[in-house]
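Here the structure is laid out as structure tokens; the discussion comes afterwards.
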Amino acid sequence: MLNYKAPLRDMRFVMNEVFDYPAHYRALGSGEDASPEVVDAILEAAATYCEEVLAPLYVSGGEEGCHFQAGEVTTPKGFKAAYAQFVEGGWQGLSFPTAYGGQGLPVSLNLLKSEMMGTANWAFSMYPGLSIGCINTILQYGTEAMRQQYLPKLVAGEWGGTMCLTEPQCGSDLAQVKTQAKPLGDGSYAITGTKIFISSGEHDLTDNIVHIVLARLPEAPAGTRGISLFIVPKFLVGEGSALGTRNAVHCGSIEHKMGISASATAVLNFDGAIGTLIGEPNKGLEAMFTFMNTARIGTAIQGVAHAELAYQGALAYACERRSMRALSGKKEPEQVADAIVWHPDVRRMLLTQKAIAEGGRAMIYGAAQLADKMFAAAWAGDQAGYKRHDGELGFFTPILKGFLTEMGLEAANLGMQVYGGHGYIREHGMEQIARDARIATLYEGTTGIQALDLLGRKVLLQTRGQCVRDFTAQMWVLARPGLLAGGLRGRMARALARRAVQWNTLTLRLMLKAKADPEQVGASSVDYLMYCGYVMMAYHWALMAQRAEQALHSGQGPESAAFYQAKLQTAQFYFERLLPRADAHHRMALAPASTLLQMPVAAMAG
């Protein structure tokens, strides 16, 4: 059975030693209360809740799943009590304004809490997780009356929230949205249509569920230019957030899924449900991206979460399971065989998991500081600051979501492989991690969609490569002092410098290829995203290695010498064993689109 332990030592190392979160919080308008003592208390309390309440429900919740009957959804045994503890602890309001009942702490603290919750029990974490984007959307685009009506209950966790985008005829192509919004003459609208794949769309954990819904007004322009955004509650809301009558939105079914079965994925039917326009007419997609970017960062955390949980389970098993002898001689002569942790191939799998989990954590924690600045600017009414930080974060988002979920899935599969045949057996929990991790590469936009967003929109159209030049400039700053050094430091510095040049050159070459052949963007985008991910993770491993080396030399780090030495060794493993994968993606990204498109469709069937 899995036994989750929150990786607080590593979390604190990345926060305090690599990214200096204490100084970051002091510089934030919303960070004045986030003292090191407060942050540490939050981390400890969250760890206790996740280890003792959520983790024990992971396997049982996955086996039981959700129950659907006559439009009602019942969550697995123990979920309702665990959610009540979540509400009682004030966890939902951690990073939301005090004006609506929140604690006013930086957004990044919520991400740290979300990482622990997601690792302990991803399916459970989705219920409050979907509410966060709903709250952010109402905060940024709602009127003050809307905020007063909905936010206190949402921030308290007493109500849940969703986003309703996808319909049976469209997935990521939201231009095909057909749901209609008919004006009723009193400022409200009748929303009619069907939405599918709605996470947390129906459940028994909260008194109300607030749906954020994409729909079309009468005579709206075709395509994405004619989409508006609406608030549609499960129960109508009166003065003082009092619940009124049941709205005309009902759950038609829940999906039977490969994984995360304890998370209800609903089909929702809107049959003239009463909704309120949020934001400007026909500009709903712009407002929805507030929701989507929040969700995509949350999904990126899933990659780290599954890598961490799979690594913890695989490491414990590898230290206990005995098979054969180490090739270099007996390591445990008093035992009938050596533990499999002594075998090089098992070490390869374990270190890959470790490098993914810890490298991904650093990537997310670095991006979380941008999220802090972005939301602080938004809540302060600083639109220029908001757009600047949103642009910076926008470059990170598709890489974090696409790359880290792919790597998290790899780490989950490696966890099963370490267990051998036992990994395929349900009682050990490893196959559940692999099943649960699979969806992460699909929802909030598949890896292909993220890759098109990165290369087509963010790199080529919006910035013409400037976002890459800005990030590689940071790589140069980190690499330059060590270019002439010997040992690991010099090798990492020179590798970073070479990748900085290569990344810019690759981007320029793809820009020129795309001018000659528009199909090149789609043909190259996934390999380009994976290349970016490997290089970006290398930068973060170099950051961690630099800090670990400094701590070892000074002898003044808060952790043990063994901890810092393990950081250096994992960084070396990453640079020598995982970063070379970027070369294959580099070569494939430059391959002509014709190799994908030259075959006639009829010939593909053989």
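The values are calculated or read from the model by the stated rules, or taken from the named source; none is laboratory data. A quick note: this is a predicted structure, and the numbers were derived from the prediction, not measured. Reconstructed Cβ throughout: ideal geometry from the backbone, glycine too, with neighbour counts over all protein chains shown. Quick note on the areas: whole protein, heavy atoms, side chains included, nothing else; ligands and nucleic acids left out. Shrake-Rupley method; radii C 1.70, N 1.55, O 1.52, S 1.80 Å.
Brief remarks on what is shown
- Test result for residue 587, closer than 17 Å to residue 358 by Cα, among the basic types (Lys, Arg) and part of a helix (DSSP H, G or I): no
- Residues in region 34-69 that are over 22 Å from residue 435 (Cβ atoms), of a type in the set (Val, Ile, Thr) and open to solvent by less than 50 Å² (accessible area, probe 1.4 Å): 39, 42, 53.
- Some residue of region 377-386 being touching a helix residue (DSSP H, G or I) at 6+ places or on another chain (Cβ under 6 Å), within 23 Å of residue 576 (Cα to Cα) and not small (Gly, Ala, Ser): no
- Restricting attention to region 256-270, the residues that are of a type outside the set (A, V, I, L, M) and within 20 Å of residue 215 (Cβ to Cβ) total 2.
- Look at (1) crowded, with 19+ Cβ neighbours inside 10 Å; (2) more than 25 Å from residue 437 (Cβ to Cβ) and you find that residue 81 fails only one, number (1).
- When the residues of region 168-181 are filtered to those that are of a type in the set (S, T, N, Q) and either in a strand (DSSP E or B) or open to solvent by 60 Å² or more (accessible area, probe 1.4 Å) (or both), the one that is farthest from residue 288 (Cα to Cα) is 169.
- Among the residues making up region 363-377, those that are crowded, with 24+ Cβ neighbours inside 10 Å and at pLDDT 95 or above are 363, 364.
- Whichever residue in region 1-53 is modelled with pLDDT of 95 or more and among the acidic types (Asp, Glu) and, among such residues, is nearest to residue 354 (Cα to Cα): 10
- Residues that are part of a strand (DSSP E or B), more than 14 Å from residue 216 (Cα to Cα) and either without any contact (Cβ under 8 Å) to a residue 40 or more places away in the chain or open to solvent by less than 10 Å² (accessible area, probe 1.4 Å) (or both), drawn from region 155-167: 159, 160, 161, 162
- Of the listed requirements (1) hydroxyl-bearing (Ser, Thr, Tyr); (2) open to solvent by 10 Å² or more (accessible area, probe 1.4 Å); (3) closer than 19 Å to residue 273 by Cβ, residue 100 misses just one: (3).
- Of the residues 362, 412, 371, the single one that is within 22 Å of residue 542 (Cα to Cα) and either within 18 Å of the chain's Cα centre (by Cα) or not in a helix (DSSP H, G or I) (or both) is 362.
- Close pairs from region 437-464: first outside any helix (DSSP H, G or I), partner surrounded by 17 or more Cβ atoms within 10 Å (Cβ to Cβ), Cβ under 6 Å, at least 6 apart: 444/295; 444/296; 444/299
- Residue pairs whose Cβ atoms lie under 7 Å apart, sitting 6 or more positions apart in sequence or on different chains, and linking a residue in region 174-191 that is at pLDDT below 95 to a partner that is surrounded by fewer than 17 Cβ atoms within 10 Å (Cβ to Cβ) and in a strand (DSSP E or B), are 176/170; 177/170.
- Of 559, 576, all but one fail to be in a loop (DSSP other than H, G, I, E, B) and of a type in the set (Asp, Glu); the exception is 559.
- Residue in region 133-147 that is surrounded by the most Cβ atoms within 10 Å (Cβ to Cβ), counting only those that are of a type outside the set (Asp, Glu), out of contact with any strand residue (DSSP E or B) (no Cβ under 8 Å at 6 or more places or on another chain) and assigned to a helix (DSSP H, G or I): 139
- Just one of the listed residues (523, 551) is part of a helix (DSSP H, G or I), surrounded by 13 or more Cβ atoms within 10 Å (Cβ to Cβ), under 26 Å from the mean Cα position of the chain (by Cα) and not polar (S, T, N, Q), and it is 523.
- Residue, modelled with the lowest pLDDT, within region 415-454, restricted to residues that are within 21 Å of the chain's Cα centre (by Cα) and at positive phi: 444
- Pairs with Cβ under 6 Å, 6+ apart, first in region 95-123 and closer than 16 Å to residue 33 by Cβ, second of a type in the set (Asp, Glu): 106/372; 107/372; 108/372
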